[in-house]
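A short reminder: the numbers here are calculations on the coordinates, not readings from a lab. None of the values given here were measured: they were computed from a predicted structure. In this analysis, Cβ positions are derived from the backbone assuming ideal geometry, glycine residues included, and neighbour counts consider all displayed protein chains.
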Amino acid sequence: MGGHLNINHLMFLGQGALWTIGLSVIALIGGGIVGFVIALARISPLKSVRIASAVYVQLIQGTPLLVILFLGYFGLAAIGLKVSPLAAAGASLTLYVAAYLGEIWRGCIQSVPKPQWEAAEGLALSRTQRMMKVILPQAIRIATPPTVGFVVQIIKNTSLASVVGFVELMRSGQIVNNSLFEPFAIYAIIAVTYFAMCYPLSLFSQRLERWMGRGRSNLAPA
Amino acid sequence: MQQNNPSSEPIVSLRDVQKSFGPLRVLDGVSFAVERGEVLALIGRSGSGKSTALRCIDRFEKVDGGEIVVCGHRVDRPDVDLRALRQDVGIVFQSYNLFPHLTIEQNITLAPCAVKGIAASQARDLARKVLAQVGLEEKLHAYPEQLSGGQQQRAAIARSLAMQPKVMLFDEVTSALDPELTAEVLKVIEQLAADGMTMVMVTHEMGFAKGIADRIVFMHRGKVHETGPASILTSPTTPELTQFVGTGNLKS
């Protein structure tokens, strides 16, 4: 076989791990921006906007990420749009993350008690001012723990990008294994690396939740 | 402004106002008017429509029919300028509804800065002034959760005052408070009345209504059932009001 696991293999895996982080950041930023728009659209005063955004969320949430990735990569290629694995994975994950974050954040915005809206309205604040100065600052507090928790999901889900040939941690593991054929050792390294990335975030999310729980009296009564 | 003669026009007038929630007719031809400097108390049983009538004045509820004019704004019309209306009308709620993420000072300065565009330093002076009016100067930098219910409600009144409204609406503002805290809030409202503020209040405090109100509107089943000076509470003419004040509601 191809010899033993050496420093070069580990460097290659490390590079893959960096791309996992990179792809997660892309998905989080892209999905965060689109998700914010989705969250606002879901509670828009315009019915057509509410419906369109709800349809988007349902479509994405009802489709496996793997299928979205295939559609992004092979589907676009089939209609003549040649996209790189990074672009396909980044775009697919953005669409996917946006649907979930949009829905999480909508819930957080709506969980700010309605009297807070009314008090802001009674003070003659415009809809934008009500949102920016009264509702969102409170919604962000509520949204932080579930959002951090969801970032863990994003990191793990980037492993699916390996199927479109994007060399992140999972794919780099497969490549190394193809030359060494030591699947248990290599995938154990991969698993530990994912765990090392996700566990601190999980802990952080739990701690945030506890911390928020203590500060709950800071939120208006329902 | 559609006022022809501002000094003689009432600040708030409702004429034959209709409002239903589904099949439930909440307001069934309600009419009353509030003159400048007048204190009007809306009383009645739970479900009599008094809170809904109050909320219609600030257009938190849209009416199905009738006419509402508030400081020259035609509130019943769909094209009413809501932000202009709400600069003229201050509203205080039962549950205070202070913004929990802001200090008391920030709660108060938010709207004057954002809506009226006054300078931050000027707004801070204003905050001190209105907090002094409600006796809470020392709570300027406190957060709402650090205040008692009575203090929160007084801060909410101060926040409303900072917009210098022409009329103030009070929606059962003491219903969430124990008697001692109720007293401190009522004292603030009394002072406002003495200073000549036009006010409409929904209240269960009959003794207070009797002491402060220039006029009482007793609502029953979505209608104005009896109206008159505060003395109608001690000598009611309709059996419904007699029963209402007789059921122990009239605490002194």
query = In sequence order, what are the phi-derived ³J(HN,Hα) couplings for the range B:212-224 according to the Karplus relation 6.51 cos²θ - 1.76 cosθ + 1.60 with θ = phi - 60°, rounded to whole Hz, with x for glycine and proline?
reply = 10, 6, 7, 8, 10, 10, 9, 9, 8, 6, x, 10, 6
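Quick one: of the DSSP bridges fully inside the protein assembly as shown, what percent are antiparallel, nearest 5? Please list the in-between numbers first.
Details: 20 of 38 bridges.
Given both bridge residues lie in the protein assembly as shown, the antiparallel proportion sits at roughly 55 percent.
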ask   = B:Val173's amide H: which non-local residues (gap 5+, or another chain) put their own amide H closer than 5 Å, with H modeled 1.01 Å from N in plane and none for Pro or chain starts?
value = none
note = GNM of chain A, Cα pairs under 10 angstrom: of A:Ile154, A:Ile142, A:Ile51, the biggest fluctuation goes to A:Ile51
inquiry  = I want to verify a result. In a Gaussian network model of chain B, Cα cutoff 10 Å, which of these has the top mean-square fluctuation: B:Thr242, B:Thr227, B:Thr203?
reply    = B:Thr242
request  = Enter the Cα centre distance for the pair the range A:157-185 and the range A:27-79, rounded to the nearest angstrom.
outcome  = 28 Å
key: Under-5 Å amide H pairs with B:Gly90, H placed in peptide plane, nonlocal only   = B:Lys166, B:Val167, B:Met168, B:Leu169
message = Averaged over its residues, how many other protein chain Cβ atoms are within 10 Å of peptide B:82-88's Cβ atoms?
response = 3
Per-pair calculated FRET efficiency, R0 = 51 Å: A:Thr128 and A:Leu10 via Cβ, rounded to 0.05 = 0.50
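With both partners inside chain B, how many of the DSSP beta bridges are antiparallel, as a percent to the nearest 5? Walk me through the intermediate numbers first.
Working: 20 of 38 bridges.
Roughly 55 percent of the DSSP beta bridges within chain B come out antiparallel.
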Amide hydrogen neighbours beyond the local backbone of B:Gly29, cut-off 5 Å, H modeled = B:Val17, B:Gln18, B:Lys19
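Partner chain Cβ atoms within 10 Å, averaged over the residues of B:92-105 - can you pull that number for me? Intermediate values should be presented prior to the final figure.
Values: counts 2, 4, 1, 8, 4, 13, 3, 10, 14, 11, 4, 0, 0, 0.
Whole-number average of other-chain Cβ neighbours for B:92-105 is 5.
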message = Can you work out the Karplus-derived ³J(HN,Hα) for every residue in the range A:110-119? Use 6.51 cos²θ - 1.76 cosθ + 1.60 with θ = phi - 60°, whole Hz, and x for glycine or proline.
response = 6, 7, 5, x, 4, x, 5, 4, 5, 4
message = Roughly how far apart, in whole Å, are the Cα centres of the range B:218-248 and the range B:116-179?
response = 32 Å
message = Using only Cα atoms and rounding to the nearest 10 degrees, what angle (0 to 90) does helix A:183-214 make with the longest principal axis of chain A?
response = 20 degrees
task = Go ahead and set up a Gaussian network model of chain B, Cα springs under 10 Å, then flag whichever of B:Pro229, B:Pro23, B:Pro100 fluctuates most.
result = B:Pro23
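Anything over 23 Å Cα to Cα? Flag those among B:Lys19/B:Lys223; B:Lys50/B:Lys116; A:Lys47/B:Lys62; B:Lys62/B:Lys223, in the order listed. Could the numbers behind the result be given before it?
Details: B:Lys19/B:Lys223 11 Å; B:Lys50/B:Lys116 31 Å; A:Lys47/B:Lys62 19 Å; B:Lys62/B:Lys223 17 Å.
Where the Cα-Cα span goes over 23 Å, the pairs concerned are B:Lys50/B:Lys116.
Determine the gain in length on full extension of the stretch B:Glu190-B:Glu35; use 0.36 nm per residue of separation and subtract their C-alpha separation, reporting nm with one decimal. Let's see the in-between values first.
Working: separation 155, 0.36 × 155 = 55.80 nm, distance 1.75 nm.
Net length gain for the segment: 54.0 nm.
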remark   = Whole-Hz Karplus couplings 3J(HN,Hα) for the range A:139-154, θ = phi - 60° and coefficients 6.51, -1.76, 1.60, Gly and Pro as x, run 5, 4, 4, 5, 7, 4, x, x, 5, 4, x, 6, 4, 4, 4, 4
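Kindly state, to the nearest 0.05, the FRET efficiency for A:Val192 paired with A:Val37, given R0 = 51 Å and r defined as their beta-carbon distance. Could you put the intermediate results ahead of the total?
Numbers: r = 37 Å, r/R0 = 0.73.
Working from the Cβ atoms, E equals 0.85.
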inquiry  = I need the peptides A:172-185, B:107-120 ranked by packing, meaning the mean over residues of other C-beta atoms within 10 angstrom, with the highest value on top.
reply    = B:107-120, A:172-185
